[in-house]
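Below is one structure, written out as structure tokens; the observations come after it.
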Amino acid sequence: MKKLVIIPAFNESGSILRAVQDIKEHAPGFDYVVINDCSTDDTLQVCQKNGLNHVNLSVNLGIGGAVQTGYIYGCQNHYDVAVQFDGDGQHDAAYLEQMAEELVRTGSDMVIGSRFIEKEGFQSSGLRRVGIRYFSTLIRLVTGARVTDPTSGMRMVNRDVMKIYAENYPKDYPEPESVVAILRKKKKVTELPVIMREREEGTSSIAGPKSAYYMIKVTLAIFMETLRR
């Protein structure tokens, strides 16, 4: 299979090189592309200086637009599998080959790397875990599927889902909504236990007052997704 790692990056100059090196060392069967989402720090310069494969966005599209750009890139370059991978050091490339094997073995359309199956490694804050459980419950209510880590940014998809996401992908806080979208299309989603690390550089986009906005926005987006035909 031709496999692609999509690395959305906004102001990740302090960690992006380590993320790419992690992929090269522990997942050599994967290609990668960094989607620089109009960073205001030196992310672009780090990519250029070190010869990293990257797409440079001239305007900031947000996480959803950056990831969708990666899926478009994957479709245009005829990849069979694509996986999101954070550029902030939280994800471990050693799991990527296992995820690809799980995708094929189970005939899944998406495999999510879940922190909450074996509950090892960094588990996020207590407040965040409450929010994650809330979204897990909501997704189960609207789709009947159990997803333990719906906010995980480490998710691998096959070519069918790549095409869906290349055409339409949520723009803001997309992870739970994008899972619901393919579950509603009767796609198979499975999870694989992974260990994640704490963010090495930068700060989360979901902090302070944005937390309340995040919960309300994603809840409404999930309900709107269930109304689509």
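The values are calculated or read from the model by the stated rules, or taken from the named source; none is laboratory data. All values reported here derive from a predicted model rather than from experimental measurement. Reconstructed Cβ throughout: ideal geometry from the backbone, glycine too, with neighbour counts over all protein chains shown. Surface accessibility is based on the protein's heavy atoms, side chains included, excluding ligands, DNA and RNA. Shrake-Rupley method; radii C 1.70, N 1.55, O 1.52, S 1.80 Å.
Points to keep in mind about this one:
- Relative contact order [Cα under 8 Å, 6+ residues apart], the chain, whole percent: 25
- Under a model in which nothing but the beta-carbon of Lys, Arg (+1) and Asp, Glu (-1) is charged, the stretch 1-138 shows a dipole of about 260 debye around its Cα centre.
- Across Leu141, Leu57, Leu192, mean-square fluctuation computed from a Gaussian network of the chain (C-alpha pairs under 10 Å connected) peaks at Leu141.
- Estimated inter-spin distance, Lys119 and Val59, nm [label 7 Å along Cα→Cβ]: 4.6
- Across all directions, the average projected area of the convex hull around the alpha carbons of the stretch 1-95 is 5.5 nm².
- Legend: residue pairs Lys24/Lys49; Lys2/Lys188; Lys2/Lys187; Lys49/Lys171; Lys2/Lys24, Cα-Cα distance threshold 26 Å; pairs beyond threshold, Lys49/Lys171.
- Ellipticity estimate at 222 nm from DSSP helix runs (n ≥ 4, -39,500 (n - 2.57)) divided over the chain, nearest 500: -13500 deg cm²/dmol
- Heavy-atom accessible area ranking, 1.4 Å probe, most first, across Tyr71, Tyr214: Tyr214, Tyr71
- Where the chain is the region considered: accessible area per residue in Å², 1.4 Å probe: 47
- Extreme residue, positive dipole direction of the chain, given options Asn168, Gly70, Ala94 (C-beta unit charges): Asn168
- Pairs exceeding 29 Å between alpha-carbon atoms, taken from Lys186/Lys210; Lys185/Lys217; Lys186/Lys217; Lys163/Lys210: Lys186/Lys210; Lys163/Lys210.
- Förster-model FRET efficiency, 22 Å R0, Gln76 and Glu97, C-beta, rounded to 0.05: 0.35
- Coarse-grained scattering of the chain at q = 0.10, 0.15, 0.18 Å⁻¹, given as base-10 log I(q)/I(0) from a Debye sum over alpha-carbon atoms: -0.41, -1.00, -1.53
- In this structure, the amide hydrogen of Tyr32, modeled 1.01 Å from its nitrogen in the peptide plane, lies closer than 5 angstrom to those of Val5, counting only residues at least 5 positions away or on a different chain.
- Relative to the current alpha-carbon distance between Ser211 and Lys188, full extension at 0.36 nm per residue lengthens the span by 5.3 nm.
- Each residue was assigned an accessible area with a 1.4 Å probe, and for His78 the value is about 130 Å².
- Residues whose amide H falls under 5 Å from that of Cys38, counting only those 5 or more places apart or on a different chain, are Leu57, with hydrogens built in the peptide plane.
- Surface composition of the chain: carbon and sulfur atoms hold 52% of the protein heavy-atom accessible area at a 1.4 Å probe.
- Cβ charges +1 (Lys, Arg) and -1 (Asp, Glu), total dipole of the stretch 4-54, debye: 120
- Pairs of Cα atoms farther than 15 Å apart, the stretch 42-133, %: 74
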